[in-house]
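Presented below is the structure to which this report refers.
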Amino acid sequence: MAKFALGAALRPYPSADLAMSPSPYALVLDDHPLVARGVAEFLRSRLPRMEVAVAGRTEDVLPLVAERGAPAIALIDFWLAEGAALDLIAQLRQHCPSSALAVISGDDDPNVMERVRQAGAHGFIHKQAPPETFALAVEALLCGLAWFEPPSHSGQPPRSRDLPVTPTELGLSMRQGEILALVLQGLPNKRIALQYDLSESTVKEHMSAILLRLGARTRVEAITRLRGRRLVLPSMGEL
């Protein structure tokens, strides 16, 4: 399993004897429908034999598990409407000790990843990770390995194959470019709205226009389409 050895050393995590769901499924929890749907679609494309259940609220998770049994893997957004998902992770570890639990987030703060690890999660996947890395992480977790990839550092020089592109070149307004920059960092609409003092509905309108301009249906697809390019904002430099 050496191919999964990105970042910190991967190690098997102990599993319990709790019976898994009769029909293995993946659970996705994200309170932003576009993100949740994008992750679910990606999982279905990579794991065609596994069902994918999507929850949009924290309170929906445990009833879903009680009804369907423990998931093979659960992917949980760190920042939810109720705050950080640390309590939910601890609850799932108690109710689903044999499930692989991973947090997905746009936070680069190493302390966030460490708190996730201490809460009992088996993995931490960055939202800005390329699809190939996301797929490797899921595969590693399903194989019983832990996945904690160190965050990327913005101070590192960009890869030479990444071409700079401005919002204008993408057919976007400057505001749409600013919002896209935060999307590429993995931030949800609510935090983007707070960042720019906008209503969440305004951010959603901008997101719809951005997806339409990029020819994408979801955030995940938009991020994938921008691979190999660096978004450049006049006031922020390269992202």
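The values are calculated or read from the model by the stated rules, or taken from the named source; none is laboratory data. Given the structure is predicted, the values throughout are model-derived calculations rather than measurements. Glycine gets a Cβ as well: all are built from the backbone with ideal geometry, and neighbour counts include every protein chain shown. Keep in mind that these areas ignore ligands, DNA and RNA; they rest on the heavy atoms of the full protein, side chains included. Shrake-Rupley method; radii C 1.70, N 1.55, O 1.52, S 1.80 Å.
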Env charge @ Leu62, Cβ radius under 14 Å, K,R +1 / D,E -1, value -2
Ignoring ligands and nucleic acids, Lys127 exposes an accessible area, probe 1.4 Å, in Å² to the nearest 10, of 40 Å²
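For segment 42-131, with all protein chains present and a 1.4 Å probe, just round the carbon and sulfur fraction of the accessible area to a whole percent. Don't jump to the answer; show the numbers that get you there.
Working: 1950 of 3980 Å².
Solvent-exposed carbon and sulfur of segment 42-131 make up 49 percent of the total.
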The simple spin-label model distance between Glu67 and Arg46, using points 7 Å out along Cα→Cβ, in nm, is 2.6 nm
Rounded to 0.05, the calculated FRET efficiency for the beta carbons of Asp197 and Ala81 at R₀ = 25 Å is 0.80
Under the 7 Å Cα-to-Cβ spin-label approximation, Glu139 and Arg229 lie apart by a distance in nanometres of 2.8 nm
For Arg229, the residues 5 or more places away or on another chain with a placed amide H closer than 5 Å to its own amide H are Leu163
Using alpha-carbon positions, the gyration tensor of segment 78-217 gives root eigenvalues a ≥ b ≥ c; with a/c under 1.5 called rounded, otherwise prolate if a/b exceeds b/c, else oblate, the class is prolate
accessible surface per residue for segment 28-107, probe 1.4 Å, DNA/RNA/ligands not counted, whole Å² -> 43 Å²
Ignoring ligands and nucleic acids, Asp87 exposes an accessible area, probe 1.4 Å, in Å² to the nearest 10, of 120 Å²
